Amino acid sequence: MNQHLSNFRMPDRQQEALCIIAGSPEGLVYIARCDQEIVGYVAFHYPSQFSRWSKHPRVLELGAIEVSSGFKRCGLGTQLLKGAFQNQVMEEYIVITTEFFWHWDLKDSGMDVWNYQRMLTKLFGSASFKKRRTDDPEILEHPANMLMVRVGAKVTEPYVKSFEDMLYQQSIIE
C-alpha cells in the first residue's frame, strides 16, 4: 500500500479496512497498482446502519476513492470508476456517494473547497453520477457537501420511487 494513501487513515489501517470491505458479502473494492503496490482504490459497501440510506435494499455506497499523490492528475480516479461500473452487478443498485468537505484532500490538492467540489462533480459525473438535493443533516452541514447518485439500469421503478421518497424526510415542504 502506497504510503501516500493516507487521506482517511494511516496506509496500513486503510489496507486492513479495504480487506474487511472486500471480505463482506456486499463489499466491492477495486485497486490500481504500480508493480505490486496499491496506488489507488475505490470501495463500495452498504451504507452505515445509522444512515437513512441503509433502509433501502438497493442502495450501495461508494465509501471511498483515493489516488496516491504521485499518481494524481493522470486520470486514475476516472479509470477506477469506469472499471468498477463495468461490473454488471452495479446496474442492480442505486449507488450513492456522500461527499463531505472535511474528507477532501484540500491541502495537498492546492484547491479551495469549491474547486475541489467541481473536480469531484466532474469525476463522479464520468461514471454517470448526478448531484441530488436532500435534507440529510450531514449533507446540509456545509454548502460544499453533496450527495451524488447513480441509478443502475436494472433498478426497477418502485425502488427508484422509494429512494426518491428518502431524499427528504425532515422537510417542512411536501
Please list, in chain and number order, the residues 5+ apart from Ser68 or on another chain whose amide H is under 5 Å from its amide H, with Hs placed from the backbone. Gly40
Among rounded, prolate and oblate, which fits the range 109-164 when a ≥ b ≥ c are the square roots of the eigenvalues of its C-alpha gyration tensor, a/c under 1.5 means rounded, and a/b larger than b/c means prolate? oblate
Label-point separation (nm) for Ser51 and Gln3, each offset 7 Å from Cα along Cα-to-Cβ? 3.2
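For Cα pairs less than 8 Å apart in space and 6+ apart in sequence, what is the mean separation divided by the residue count of the chain, i.e. the relative contact order in percent?
Working: 265 pairs, mean separation 32.5, N = 174.
It comes to 19 percent, rounded to a whole number.
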Here, Gln169 and Gln36, labelled 7 Å along Cα→Cβ, have an inter-label distance in nm of 4.6
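Would you mind telling me the antiparallel percentage of the DSSP bridges in the range 45-174, rounded to 5?
Details: 10 of 13 bridges.
Of all bridge pairs located within the range 45-174, approximately 75 percent are antiparallel.
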Would you work out which of Pro25, Ala43, Leu81 lies farthest towards the positive end of the dipole of the chain, given +1 charges on the beta-carbon of Lys and Arg and -1 on that of Asp and Glu, about the Cα centre? Leu81
Please list, by residue number, every one of the GluC sites (Glu not before Pro) in the range 22-118 that is coil in DSSP and has at most 16 other beta-carbon atoms within 10 Å. Glu26
Listed residues Ile139, Ser162, Val151: farthest to the positive end of the dipole of the chain (Cβ charges): Val151
Cα gyration tensor, the range 45-174 - rounded (a/c under 1.5), prolate or oblate: oblate
Grab the chain and count how many Lys pairs have their alpha-carbon atoms under 25 Å apart, sequence gap of 8 or more, or different chains. 22
What FRET efficiency comes out for Thr78 versus Lys131 if R0 is 22 angstrom and r is the Cβ-Cβ distance? Round to the nearest 0.05. 0.80
Can you sort Val39, Val151, Val67 so the residue with the fewest Cβ neighbours within 10 Å comes first? Val151, Val39, Val67
At 0.36 nm per residue, and after removing the present C-alpha to C-alpha distance, how many nm does the segment from Arg13 to Asp108 gain when stretched out fully? 32.1 nm
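Percent relative contact order of the range 9-108, based on C-alpha pairs within less than 8 angstrom and at least six residues apart? Kindly include the intermediate steps, with their values, before the conclusion.
Working: 118 pairs, mean separation 21.8, N = 100.
The value is 22 percent.
Run the dipole for the chain about the Cα centre, Lys and Arg Cβ at +1, Asp and Glu Cβ at -1, nothing else charged, and hand back the magnitude in debye, nearest 20. All intermediate terms of the calculation are to be shown ahead of the outcome.
Working: 19 positive and 21 negative charges, 88 e Å.
Here the size comes out at about 420 debye.
Only the coordinates and a few stated rules stand behind these numbers; no lab work does. Quick caveat, the model's predicted, so the values are computed rather than measured. When we count neighbours, we look across all protein chains shown, and the Cβ atoms used for this are built from the backbone with ideal geometry, even at glycine.
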